[in-house]
Amino acid sequence: MNILLNGISGYMGREVKKLCDSGYRGAALAFGVDPCPADVDAVVYPSLDDVVTVEGVDCIIDFSHHSVTPALLDFAVENRLPLVLCTTGHTEDEIELIHRAADSIPLFYSGNMSLGVALLIELAKTAAAAFPEAEIEIIEKHHDRKVDAPSGTALMLANAICEVRPELHANCGRSGQGKRANDEIGIHSIRMGNIVGEHEVIIGTGSQTISLKHEAHNRALFAEGAIAAAAYLTSQSAGLHDMKSMLSPAKAISAK
Ligand SMILES: NC(=O)c1ccc[n+]([C@@H]2O[C@H](COP(=O)([O-])OP(=O)(O)OC[C@H]3O[C@@H](n4cnc5c(N)ncnc54)[C@H](O)[C@@H]3O)[C@@H](O)[C@H]2O)c1
């Protein structure tokens, strides 16, 4: 499986490159794209416009910046290439474009490529449904280079909880006067040092507190998930796929 790696010079790009070099799950690097000079042993184009041919490429993996997504979607659709979109921080307009592109190509989109987080989401939903009156808060912690807050994963957690508690809505970065409203899920973002990624869902009923926590110890976790997603995606038809559909393919949405 030959990978076009968009954002190869970044932290995550280099992790994916390492796994490709070791042949993880049959992956190999076709070439990378990144405007920053890459200190890597690979063919790297400064932009998608400079790519000469995609012959032999089986899938694109993207760990870059959300502003790149519209051009990347056009490129993937034009070249009929499956796309694993791991970048986070998309605007609503960009998300709309992602959904539209998934009508034409197999597209995997997840704010968190970790299997453990997929499990955390299911556990949080179960706990939220089991305690319909409980107060729920989310704390997420990441390194100080992260540009978006709250994290895509914290939003995924809040959205999943809202599926079983539709009266709730997310309140990101609570501040000011007034008591906690009953219908909110507070999301709190901490940015510090080199924290890879922590997400904790706290469920309080008044008589007990349940705490569900996932900690990523290194970034290889997300790179492994991205390559597993690419391997899964190359045998899928057009549609929007995510961790849940990878674990249970029947659940892919808008798949043709
Ligand atoms: N879904 C997940 O599980 C997951 C996990 C980790 C990081 N991320 C997300 O992935 C993205 C990248 O994370 P990172 O830590 O590697 O960031 P990073 O800043 O280290 O790397 C981003 C790379 O993208 C490159 N880039 C910028 N513009 C580009 C363009 N036009 N074309 C190609 N490359 C371009 C940059 O030069 C840089 O090398 C972020 O959005 C981050 O939040 C997602």
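The three principal axes of the Cα atoms in the chain give end-to-end lengths of 61, 42, 32 Å, sorted in falling order.
Between residue 220 and residue 148, what is the label-to-label distance in nm when each label sits 7 Å out along the Cα-to-Cβ direction? Each label point lies 7 Å from its Cα, and together they span 2.6 nm.
Each Lys and Arg adds +1 at its Cβ and each Asp and Glu adds -1 at its Cβ; summed about the Cα centre, the chain shows a dipole of about 580 debye.
Sorting the segments 89-95, 227-233 by their mean number of nearby beta carbons within 10 angstrom, highest to lowest, gives 227-233, 89-95. Put in order of Cβ neighbour count within 10 Å, fewest first, the listed residues 156, 113 become 156, 113. With the simple model of a label 7 Å out from the Cα in the direction of the Cβ, residue 71 to residue 182 spans 5.1 nm.
In this rough spin-label picture, where each label sits 7 Å from Cα along the Cβ direction, the residue 213-residue 49 distance is 4.8 nm. For the chain, the mean residue ellipticity at 222 nm estimated from helices alone is -9500 deg cm²/dmol, where every DSSP H run of n ≥ 4 contributes -39500 (n - 2.57) and the total is divided by all residues, rounded to the nearest 500. Give the residue list of GluC sites (Glu not before Pro) in the stretch 1-80 that are DSSP loop and have at most 10 other beta-carbon atoms within 10 angstrom. Of the GluC sites (Glu not before Pro), the ones in loops of the stretch 1-80 whose Cβ has at most 10 other Cβ atoms within 10 Å are 55.
Counting only DSSP beta bridges with both residues in the chain, the antiparallel share comes to about 35 percent. Please list, ordered by chain and number, the residues whose modelled amide H lies under 5 Å from the amide H of residue 172; skip anything fewer than 5 residues away on the same chain. Amide H neighbours of residue 172: 187.
In the stretch 115-216, the alpha-carbon atoms span a convex hull of 100 Å³ per residue.
Just so you know, all these numbers are worked out from the coordinates, no wet-lab data involved. Keep in mind that this is a model prediction, so the values were computed, not measured. Every residue, glycine as well, gets a Cβ built from its backbone with ideal geometry; the counts of neighbours run over all protein chains shown.
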